[in-house]
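Inspection log for the structure reproduced underneath, given as structure tokens.
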Amino acid sequence: MPDDPRWPKTQETAERAHVAFGESGRPSGIDAFEELNARVRQLSLERRRLRRLLEAVVAISADMDTCAVLRHLVEAGTDLIGARYGALGVLGEDGEFTDLITTGVDAEPLLAEAGLPQSHGLLGHLISHAEPLRVDDIGADSRAVGFPSGHPVMTSLLGVPLTVRGVMYGNLYLADKEDGTPFTDTDETLLTALASAASVSIENARLYERLKRAAEQFQRRLLPVLPDLSPLRVEARYQPASDLLRLGGDWYDAFGLPDKTVLVVVGDVTGHDVEAAPQMGQIRNMLRVLAFDRCGPPGLIVNRLDRALTAFGDSTAATLLLARIEQRPDTGYVLHWTNAGHPPPLLVTADGAARCLAPEAHGIPVGVDPSVPRPDHTHPLPPGSTLLLYTDGLIERRDRDIDVGLRDLADHVAGLATAPLEQLCDALLGRPDAYDDDVALLALRVPRPPA
């Protein structure tokens, strides 16, 4: 085509054209390098997003609290896709919303004004179809209805269902990417993968909480309902460990004896496994039988318990504090107790003076060596005073010495010397931080003389 004006006239011109245009006629050279560089950047971006997806899945899977898992999921999805707003609507068995977890928007005033979202509009479509939903222009979509006043203006939407064992648990949806671009196929794939992985964590968290509730109910059923021991007042509490699912061996008991005295006990079976709670029940029942049979001093009762536990070869170790309260016409109420390797009792008088009753001589835990003597101790209980028995979970922390815990407990109880027993027990167990171990607590108050 020599007459074609587009045909190179010289060899030099032809070479320049070959450099500028490849055989296919497409740009080459600098343009090709820029295209390759863009592809490398895209691959690097996708690699980073996959890594963030894996990190998000690991973070979500590490928690066993359902609310925390859902919060992690919303925040991880918003960060992974680069969205301005994120929300997770939790559905009840009737298909209606029971909770809404958000990020990027303050949901409190919206919920206070309009309540939880209703199952219609775009959110209703997500519920009824159980498949990913992408909307580039929310305002132009006929399904976009039901936004309350004050709701942030949103342009685009990406929603994916959250299913647990084939049942829809809720919807995870994002709105408006930070860079202003529409949501892409890659965004949908990543968010769907995140929701799918999170559904396993949600199911695990729900099963864990269900098992934890069942274990706590089982533990509480083993503990007695305290009888009326008037004129003495008795109040008790049980608080399971906050961070672990464990059947503990902590217990308390209080009952009247045929000789008109009152017996109180708090104990802790060694270990936190499926055996600890039944063993606790056995020891508590054995103590009751031995106390009713002999009505002897606490040291004698615990010694008989120790021999009974070790007589069958498979001994159970436990710490306990057993106390008998009797009323004498001349001196008033008197405390007799023996300590088998347990934290000391705490006595607080009506004027707020608190002290631990910790004589040097005390016994070892039961189930270890029944030949070791069980010393008994005696101390008066002034009118209006409060006796506190407890397990070590009340005073022990991983980051402090037990003596510090005892002092803190004494200071706390001193300020509650005249408070009703219910209020005192609630205050002692009302810490904002978690308990490292189970806590059994029993408080006994001596009556004041008539005015």
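Step by step: first the residues of region 158-167, then only those that are open to solvent by 40 Å² or more (accessible area, probe 1.4 Å) and not basic (Lys, Arg), then the one that is nearest to residue 131 (Cα to Cα). Which residue is that?
163
Restricting attention to region 154-185, the residues being among the β-branched types (Val, Ile, Thr) and touching a helix residue (DSSP H, G or I) at 6+ places or on another chain (Cβ under 7 Å) number 4.
So in region 401-411, with the set limited to residues that are surrounded by fewer than 16 Cβ atoms within 10 Å (Cβ to Cβ) and within 27 Å of the chain's Cα centre (by Cα), which one is farthest from residue 389 (Cα to Cα)?
Applying the filter and picking the extreme gives 401.
Could you tell me whether residue 406 is out of contact with any Ser or Thr (no Cβ under 9 Å at 6 or more places or on another chain) and of a type outside the set (Lys, Arg)?
Yes, satisfied.
If the requirement is being open to solvent by less than 30 Å² (accessible area, probe 1.4 Å) and outside any loop (DSSP other than H, G, I, E, B), which of these qualifies: 393, 384? Outline the logic, then answer.
On the way: 384 fails: outside any loop (DSSP other than H, G, I, E, B).
393 is the lone residue from the list that is open to solvent by less than 30 Å² (accessible area, probe 1.4 Å) and outside any loop (DSSP other than H, G, I, E, B).
Looking across 418, 386, 391, one residue alone is more than 18 Å from residue 237 (Cβ to Cβ) and among the hydroxyl-bearing types (Ser, Thr, Tyr). It is 418. Residues being farther than 30 Å from residue 303 by Cα, part of a loop (DSSP other than H, G, I, E, B) and open to solvent by less than 30 Å² (accessible area, probe 1.4 Å) are represented in region 419-430 by at least one member.
Going residue by residue through region 435-448, is there one that turns out to be loosely packed, with under 14 Cβ neighbours inside 10 Å, out of contact with any Cys (no Cβ under 8 Å at 6 or more places or on another chain), modelled with pLDDT under 90 and on the phi < 0 side of the Ramachandran plot?
Within region 435-448, the first condition is being loosely packed, with under 14 Cβ neighbours inside 10 Å, and the residues that meet it are 448.
Going one step further and asking which of them are out of contact with any Cys (no Cβ under 8 Å at 6 or more places or on another chain), we end up with 448.
Narrowing further to those that are modelled with pLDDT under 90: 448.
Adding the requirement that they be on the phi < 0 side of the Ramachandran plot leaves 448.
Among the residues of region 435-448, at least one is loosely packed, with under 14 Cβ neighbours inside 10 Å, out of contact with any Cys (no Cβ under 8 Å at 6 or more places or on another chain), modelled with pLDDT under 90 and on the phi < 0 side of the Ramachandran plot, which makes the answer yes.
Filtered by the rule that a residue be open to solvent by 30 Å² or more (accessible area, probe 1.4 Å) and farther than 18 Å from residue 166 by Cβ, region 177-192 gives 178, 179, 180, 181, 182, 184, 185, 186, 188, 189.
Restricting attention to region 193-206, and to residues there that are within 22 Å of the chain's Cα centre (by Cα) and of a type in the set (A, V, I, L, M, F, W, C), which single residue is most open to solvent (accessible area, probe 1.4 Å)?
Initially, region 193-206 is screened for residues within 22 Å of the chain's Cα centre (by Cα), giving 197-206.
Next, from what is left, pick out any that are of a type in the set (A, V, I, L, M, F, W, C): 197-198, 200, 202, 205.
Values: 197: 33, 198: 2, 200: 85, 202: 0, 205: 0 Å².
Selected residue: 200.
It is to be established whether one or more residues within region 287-294 are in contact (Cβ under 8 Å) with a residue 40 or more places away in the chain and out of contact with any helix residue (DSSP H, G or I) (no Cβ under 6 Å at 6 or more places or on another chain). Step through it out loud before you land on a result.
In the first step, residues of region 287-294 are kept if they are in contact (Cβ under 8 Å) with a residue 40 or more places away in the chain; the result is none.
There is no residue in region 287-294 that is in contact (Cβ under 8 Å) with a residue 40 or more places away in the chain and out of contact with any helix residue (DSSP H, G or I) (no Cβ under 6 Å at 6 or more places or on another chain).
The values are calculated or read from the model by the stated rules, or taken from the named source; none is laboratory data. From a predicted model like this one, the values you see are computed outputs, not experimental measurements. Don't worry about glycine lacking a Cβ; one is built from the backbone with ideal geometry, like all the others, and counts go over all protein chains shown. For accessibility, only protein heavy atoms count, side chains too; no ligands or nucleic acids. Shrake-Rupley method; radii C 1.70, N 1.55, O 1.52, S 1.80 Å.
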